[in-house]
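Report on one structure; see the data block that follows.
A short reminder: the numbers here are calculations on the coordinates, not readings from a lab. No experiment lies behind these values; they were computed from the predicted model shown. We place every Cβ from the backbone using ideal geometry, glycine too, and count neighbours over all the protein chains shown.
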């Protein structure tokens, strides 16, 4: 039985509380229990039906044709607003991708962050082969969250008086949904429900409710839903991301003891040609970069040319640094996530 939710003045926490009460039983859109035989998953092409037309209690299957298509079963999309968070949040109407293995699940979640100006759809190189599908084949659950990613942090902090502080505090604001002193001014109005922590936990709770045999409940503690930082079972999470998203994955590894961090063409934060101070392995990381950080980059990356120096600053193990990604038509910076020729390298990053 799920623990009683404490009172909270936060609307998005109230939404999570309502979801928690429905996590083990079917509920109507209003939150009232319904007949458990009511189907909670529908086979609706996500590309054909606007999110606003899909009932909140339904979980949509991934499109199998067109942009963002994924072949195979056990792939779903849901927006942050469909997971119970306010529709007014940044990118709250953007599809988040959730894939799970059909069998032999490892009990670990690959969390993915897209780069600046991108979306979870951007992590799909092709319908048959992508970073997501390779992870699923490795027995991993996959969740690509939609977050406040429209602005490039490198641009936001370019003219900051203290760039090192700006990088760290801006990223912290994106994760927590709470403005931090020293962060970029454009984030002053950020809300907690827009933060990565809220988006991640809301998606996991919604998936556990709507795909009850999917194993999503292994990644959060239903008794701790009022405190997202403690509710997620971080030790079962592999945080990954491309470009700006790889920096967020690294910061999660600094804040929480994760199973692994995977940085694709990243991290990129630098000051005067050196890695930003928060990317120095000074013993402050909860996840040891020397043993649990992995990276994939391509030669000739002009957008994030400093990633090899950052890997050195993090003191990542030499075997964990893969800097020979195949470059296809997407260019060197996009290659680590967009070129299917790197499927073998993805396997190396993800295998136990």
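Can you pull out every residue in region 233-262 that is part of a strand (DSSP E or B) and over 12 Å from the mean Cα position of the chain (by Cα)? Please lay out each step first, then the result.
To start, the set of residues in region 233-262 that are part of a strand (DSSP E or B) comprises 237-242, 260-262.
If the condition is that a residue be part of a strand (DSSP E or B) and over 12 Å from the mean Cα position of the chain (by Cα), then 260 is the only one that fits.
Can you give me the ranges of the helices (runs of 4 or more DSSP H) entirely in region 107-209 with at least 2 residues that are closer than 17 Å to residue 96 by Cα, touching a residue at least 12 places away in the same chain (Cβ under 8 Å) and in contact with a strand residue (DSSP E or B) (Cβ under 9 Å, 6 or more places away or on another chain)?
131-137
Looking for whichever is more than 28 Å from residue 233 (Cα to Cα) and assigned to a helix (DSSP H, G or I) here; the options are 290, 335. Which one fits? First the steps, then the outcome.
Working: 290 fails: more than 28 Å from residue 233 (Cα to Cα).
Every option except 335 fails the conditions.
Only one of these conditions is not met by residue 231: (1) surrounded by fewer than 24 Cβ atoms within 10 Å (Cβ to Cβ); (2) over 20 Å from residue 98 (Cβ atoms). Which number is it?
So residue 231 meets the others, but not (2).
If you check 152, 137, 105, which single one turns out to be closer than 21 Å to residue 252 by Cβ and surrounded by fewer than 21 Cβ atoms within 10 Å (Cβ to Cβ)?
Sole residue among the options that is closer than 21 Å to residue 252 by Cβ and surrounded by fewer than 21 Cβ atoms within 10 Å (Cβ to Cβ): 152.
Which numbered condition trips up residue 86, out of (1) in a loop (DSSP other than H, G, I, E, B); (2) touching a strand residue (DSSP E or B) at 6+ places or on another chain (Cβ under 8 Å); (3) more than 26 Å from residue 267 (Cα to Cα); (4) in contact (Cβ under 8 Å) with a residue 60 or more places away in the chain?
Unmet condition: (2).
Can you name the number of the only condition in (1) outside any loop (DSSP other than H, G, I, E, B); (2) in contact (Cβ under 8 Å) with a residue 40 or more places away in the chain; (3) over 28 Å from residue 219 (Cβ atoms) that residue 308 fails?
Only one criterion is unmet by residue 308, namely (2).
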